[in-house]
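The values are calculated or read from the model by the stated rules, or taken from the named source; none is laboratory data. Please read all numbers here as calculations on a predicted model, not as lab measurements. Note: ideal-geometry Cβ built from the backbone for every residue, glycine included; neighbour counts use all protein chains shown.
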Amino acid sequence: MNVVLLVEGAETEPRVYEAWLRHRIPALHRVANVADLTADGYVLVSGKGYPSCYRRIAGLLKDIDANPGRVQELWICIDSEEDTYEARYAEVHRAVQAELQGSRMARTNPSLEIRIIIQHCCIETWFLGHDGFLRAGPQSPQLVDFKRFYDVSTDDPERMEKYPGYVTRASFHLAYLKAMLIERSHRYTKQRPGVVIEPSYFEALRARCARTGHLPSFRHLLAAFEAAGDAGP
């Protein structure tokens with residue numbers, strides 16, 4: 001199985017996806033380019049943010065087309081941000097179909113599976129799904145207010161709106177995550193995501209999905225992992 005991943009961000013997502021793949025599918029090894037893929041490998045490409053990540057779709061499809069049969073899965077991993085899940089999924093789908101129109105892909109790579117994985121609303125939203133990290137009795141006034149506004153340990157983080165004073169949902173979800181982790185003596189930055197890349201953190205998110213049905217967009221990543229060789233528990 002060979003996989004190509006296009007992730008939206010330039011800092012957090014490459015580190016997170018590489019760590020999670022190493023944990024769940026250790027047989028996959030990372031290579032630099034599609035042409036370097038042999039067997040059981042993956043290429044991870046940063047889209048350098050939104051909407052510039054859409055420009056990378058065309059280039060990746062051309063690379064896959066130029067190497068017939070070499071790639072079995074293409075994953076496009078993008079935040080929904082302020083859009084609904086459905087709206088952002090449709091936007092990405094249109095971009096992919098526009099690039100495929102008139103291409104040779106159906107002939108050169110008929111078995112290619114293209115998966116659109118929407119991080120709803122951002123990857124930090126997924127990280128908020130670790131229900132063992134939010135203290136029952138937070139100490140900082142900020143975290144007390146955040147938890148009173150929305151308790152991510154009991155309610156689905158993907159349904160959380162923005163707290164008053166924050167411009168976007170994503171900015172609030174990031175602030176909530178930082179506040180939640182700092183009380184457990186962990187720091188989170190885009191450049192150094194820290195504990196969220198650990199295998200135990202991923203397993204906690206996976207367990208919550210199975211137990212509660214929360215984080216429905218994260219389930220699409222789990223399905224992609226399974227298709228690429230994740231054997232499960």
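A single entry from 106, 90, 98, 39 fulfils the requirement of being under 22 Å from residue 170 (Cβ atoms), of a type in the set (Gly, Ala, Ser) and surrounded by fewer than 20 Cβ atoms within 10 Å (Cβ to Cβ): 90.
Right, residue 159: free of Cβ contacts under 8 Å to residues at least 24 places away in the same chain and not β-branched (Val, Ile, Thr) or not? In short, yes. Residues that are outside any strand (DSSP E or B) and among the aromatic types (Phe, Trp, Tyr) were ranked within the range 20-77; the one that is modelled with the lowest pLDDT is 50. Scan the range 34-54 and tell me whether some residue there is among the aliphatic types (A, V, I, L, M), out of contact with any helix residue (DSSP H, G or I) (no Cβ under 8 Å at 6 or more places or on another chain) and in contact (Cβ under 8 Å) with a residue 24 or more places away in the chain. There is at least one residue in the range 34-54 that is among the aliphatic types (A, V, I, L, M), out of contact with any helix residue (DSSP H, G or I) (no Cβ under 8 Å at 6 or more places or on another chain) and in contact (Cβ under 8 Å) with a residue 24 or more places away in the chain. Taking residues in the range 211-233 that are within 20 Å of residue 72 (Cα to Cα) and touching a residue at least 60 places away in the same chain (Cβ under 8 Å), and partners anywhere that are of a type in the set (Phe, Trp, Tyr) and buried (at least 18 other Cβ atoms within 10 Å of the Cβ), the pairs with Cβ atoms closer than 9 Å and at least 6 places apart or on different chains are 221/17; 221/20; 221/75; 221/126; 224/75; 225/20; 228/42; 228/75.
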